[in-house]
Amino acid sequence: MQIKKLTSVKMIVAVISPLLFFSNSVQAEDAPSTTIKRLTMESANAAALATIEACRKEGVQITATVVDKNGLVQAIMRDTLAPHVSIDISRMKAYTAVNFSTDTSALISRSDTSIGRIDGLVMSAGGAIINVGGTIYGAVGVSGAPSGETDEKCAKAGVAAIAEDLEMAD
């Protein structure tokens, strides 16, 4: 009699165990919240400063803006002689890059389209996406150099300055 009860218990456990495993899997996929990776203030400032320093090596003074993954300004630095207009332009380049999930140089062909004419978007070189390990953290926008290519080269230097720290944090 006792062996029969033990066998019945084993059978019930064998049937219920997979159900419990799979029900937990489904619940995990339907979780009510998610973890979002974000730049710290220190990382955003480090990217902006590295961007300024890269452009100084090129002999130009610029404004660097770092936005988070939502396009909100997290850090902005304007070098001493950078023109005032570079503040808004660098912000718009960073905003455009993160919202299109690509460097703004890849969007140049769209600049004279209905999308390219939307207020607040700038589809010219100088915005670099901060994409590390497949995670988009934000973007760096630069304005003030004589060409968009120089702007973007400096922005990418800012991204490179924090990339390793972001990789290590993963």
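A few points about this structure:
- Test: V66 is out of contact with any strand residue (DSSP E or B) (no Cβ under 7 Å at 6 or more places or on another chain) and β-branched (V, I, T): no
- Taken over segment 108-133, the criterion of being in contact with a helix residue (DSSP H, G or I) (Cβ under 6 Å, 6 or more places away or on another chain), buried (at least 17 other Cβ atoms within 10 Å of the Cβ) and not hydroxyl-bearing (S, T, Y) is satisfied by L121, V122, M123, A125, G126, G127, A128, I129, I130, V132.
- Total residues in segment 100-119 satisfying the condition of being among the small types (G, A, S), in contact with a Ser or Thr (Cβ under 9 Å, 6 or more places away or on another chain) and either at pLDDT 95 or above or not in a loop (DSSP other than H, G, I, E, B) (or both): the figure is 1.
- Residues (in a loop (DSSP other than H, G, I, E, B) and under 21 Å from C154 (Cβ atoms)) located in segment 120-135: L121, V122, M123, S124, A125, G126
- Of the listed requirements (1) free of Cβ contacts under 8 Å to residues at least 24 places away in the same chain; (2) closer than 19 Å to A44 by Cα; (3) aliphatic (A, V, I, L, M), A97 misses just one: (1).
- Taken as a whole, the structure leaves A75 outside the set of residues that are within 22 Å of K37 (Cβ to Cβ) and either touching a His at 6+ places or on another chain (Cβ under 7 Å) or open to solvent by 40 Å² or more (accessible area, probe 1.4 Å) (or both).
- Within segment 78-92, being open to solvent by 30 Å² or more (accessible area, probe 1.4 Å) and acidic (D, E) holds for one residue alone: D88.
- Pick from segment 41-72, criterion without any contact (Cβ under 8 Å) to a residue 40 or more places away in the chain and of a type in the set (K, R), ranking: surrounded by the fewest Cβ atoms within 10 Å (Cβ to Cβ): K57
- Candidates Y137, Y95 - the one that is open to solvent by 60 Å² or more (accessible area, probe 1.4 Å) and at pLDDT 95 or above: Y95
The values are calculated or read from the model by the stated rules, or taken from the named source; none is laboratory data. Treat the numbers as computed from the prediction; the structure is a model and nothing was measured. No Cβ is skipped: glycine too gets one built from the backbone with ideal geometry, and neighbour counts run over all protein chains shown. Just the protein is used for accessible areas: all its heavy atoms, side chains included, with ligands, DNA and RNA removed. Shrake-Rupley method; radii C 1.70, N 1.55, O 1.52, S 1.80 Å.
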